[in-house]
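Q: Take a look at this one; I'll ask things after.
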Amino acid sequence: MFCARKSYFLWLALLWGSLLSASRSHGRLDLTVEAGKKLLKLKQQLAGTYVTMSNTYPTMGKWKDAHRMRSEMKKHGIQKESGCSWVEIKDATYAFYAGDMSSCTRGTEIMNVLRELELRMKERGYVSGSKGLVFIDVEEEAEEAIVGLHSEKLALGFSLIIMPRGMTIRIMKNLRMCLNCHEAFKLISDIVKRDIVVRDLNRFHHFKDGLCTCKDLW
Ligand SMILES: [Zn+2]
Ligand SMILES: [Zn+2]
């Protein structure tokens, strides 16, 4: 009896788990929340569900719910995995960690490139860290600086410095890109006139001429 009951729960969790990731990647926020609630009720896939929910609520403008998710995560001792991006250039792999300049090869040059890009993006109306585009755990006043340091941006800055002009930049990332970086990468692909491919946790993004192949179903 116990086994049958247990496998029923696991099966249910599997079902809701696939619905959660499918609806999230198709931008169906209402379904995402619904599936997330079921999973939390079943006490299954907690870490992934909390992270998805706490990133979904802000995009719906539901800041209170997002905060609630974050505090429940803390209560359960669940921490967000830190972001890491890497590029492979001429048989060498270079890794970059969110907000961590100490591990960065050519850190100062990368920051200069990113700062210049930020200025050029602002000229086109890009607002870094605008509300709703940033994960909830980023403090308001530090938003701009921190978002500027997401690992894929560091990897991009580095690639722009060392890769020859015109060559496609390919970046891998262990988590999903945030919407803010996604917007930034679209603009940057147009500013620097380069193809940029990012393989994140969910899918491939091919940025070119200010657009992405995911058509923003990111
Ligand atoms: Zn980001
Ligand atoms: Zn995309």
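The values are calculated or read from the model by the stated rules, or taken from the named source; none is laboratory data. Note that the structure is predicted; figures quoted are calculated from it, not measured. FYI the Cβ positions are ideal-geometry reconstructions off the backbone, even for glycines, and counts take in every protein chain you see. Remember, those area values only see protein heavy atoms, side chains included, never the ligands or the DNA or RNA. Shrake-Rupley method; radii C 1.70, N 1.55, O 1.52, S 1.80 Å.
Q: Probe 1.4 Å, all protein chains in place: accessible area of Ile171 in Å², nearest 10?
A: About 0 Å², ignoring ligands and nucleic acids.
Q: Using a/c under 1.5 as the rounded threshold, could you call the stretch 2-75 rounded, prolate or oblate? The axes a ≥ b ≥ c are square roots of the C-alpha gyration tensor eigenvalues, and prolate needs a/b larger than b/c, oblate otherwise.
A: On the way: a/c = 3.02, a/b = 1.55, b/c = 1.95.
Note, shape of the stretch 2-75 comes out oblate.
Q: Sort Lys90, Lys37 by heavy-atom solvent-accessible area, probe 1.4 angstrom, most to least.
A: Details: Lys90 190, Lys37 105 Å².
If we order Lys90, Lys37 from most to least accessible, we get Lys90, Lys37.
Q: Compute the signed sum of charges (Lys and Arg +1, Asp and Glu -1) over the other residues within less than 9 Å, Cβ to Cβ, of Tyr57. Before the final figure, lay out the partial values.
A: Values: positive: Lys62, Lys64, Arg68; negative: Asp65.
Charge balance in the 9 Å sphere: +2.
Q: What residue among Pro58, Ala22, Leu40 has its Cα farthest toward the positive end of the dipole of the stretch 2-75, where the charges are +1 on Lys, Arg and -1 on Asp, Glu, each on the Cβ?
A: Of the candidates, Leu40 comes out farthest on the positive side.
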